[in-house]
Amino acid sequence: MFKLRNVPDDEAEEVRELLANHHIDYYETSAGNWGVSMPALWVKNDDQFREAKALFDAYQQARSIRVREEYARLKSEGKHKTVWDSIKQQPVVFVAYIFIVLALLYLPFKLIMELAKL
């Protein structure tokens, strides 16, 4: 019913609480040891799936509105996180990523130039 891959912890917890509060039986699967399985919440009883889906859809709409309002508020207060904030937080990581990208651009170019000489 609800895939958990790349879902914030607070959202996953709210969905678990929503299902529990409405007495919908569910189980959870993890990504597994290698992260290749599907982490998700599954409804045990097929008869409860429609109810769970309706609750989930209403929750998603409400959360979407709430998160957008919060972002707009933070943006108007100048407290939202920007790319520049991320760079200032971890400048060494940023510089390392720049070097990696440049290397990944340079190496194929160099290989092509060497092959062109043949």
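Inter-label distance, residue 109 to residue 37: 4.6 nm, where each label sits 7 Å from its Cα along the C-beta direction. Label sites at residue 70 and residue 57, each approximated as a point 7 angstrom past Cα along Cα to Cβ, lie 2.5 nm apart. When only alpha carbons are used to place a centre, the stretch 75-109 and the stretch 1-33 end up 32 Å from one another.
With contacts taken as Cα pairs under 8 Å at a separation of at least 6 residues, the chain carries a relative contact order of 19 percent.
For the stretch 1-46, the Kirkwood hydrodynamic radius comes to 11.1 Å, computed from all pairs of different C-alpha atoms.
Alpha-carbon geometry of the stretch 59-118: the Rg and the Dmax are 21.0, 63 Å, given in that order. Dipole of the chain, Cα-centred, from +1 at each Lys and Arg C-beta and -1 at each Asp and Glu C-beta, to the nearest 20 debye? Value, rounded to 20: 740 debye.
Restricting the trypsin sites (Lys or Arg not before Pro) of the stretch 31-114 to loop positions (DSSP other than H, G, I, E, B) with no more than 15 neighbouring Cβ atoms within 10 Å leaves 44, 79, 81. Placing a label point 7 Å from the Cα of residue 89 along the Cα-to-Cβ direction, the residues of the stretch 8-35 whose backbone N falls under 17 Å from that point are 8-10.
Estimated from helices alone, the mean residue ellipticity of the chain at 222 nm is -22000 deg cm²/dmol (sum of -39500 (n - 2.57) over DSSP H runs with n ≥ 4, per residue).
Relative to the longest principal axis of the Cα atoms of the chain, helix 9-21 runs at roughly 10 degrees. Per-atom-type breakdown for the chain gives carbon and sulfur 61% of the accessible area (1.4 Å probe, protein chains only). Rounded to the nearest 10 degrees, what's the angle between the helix 49-77 long axis and the longest principal axis of the chain, both from Cα atoms, 0 to 90? With both axes taken from Cα atoms, the answer is about 50 degrees. Each of (1) 60, 33, 28; (2) 38, 29, 28; (3) 69, 43, 22 is a candidate for Cα extents along the principal axes in Å; the one calculated from this structure is (3). Relative to the longest principal axis of the Cα atoms of the chain, the long axis of helix 91-117 makes an angle of roughly 50 degrees.
Farthest towards the positive end of the charge dipole of the stretch 6-118, among the residues 43, 101, 32, is the Cα of 101, using unit charges on the Cβ of Lys, Arg, Asp and Glu.
The values are calculated or read from the model by the stated rules, or taken from the named source; none is laboratory data. Given the structure is predicted, the values throughout are model-derived calculations rather than measurements. Don't worry about glycine lacking a Cβ; one is built from the backbone with ideal geometry, like all the others, and counts go over all protein chains shown. What goes into the accessible areas is simple: the full protein's heavy atoms, side chains included, and nothing from ligands, DNA or RNA. Shrake-Rupley method; radii C 1.70, N 1.55, O 1.52, S 1.80 Å.
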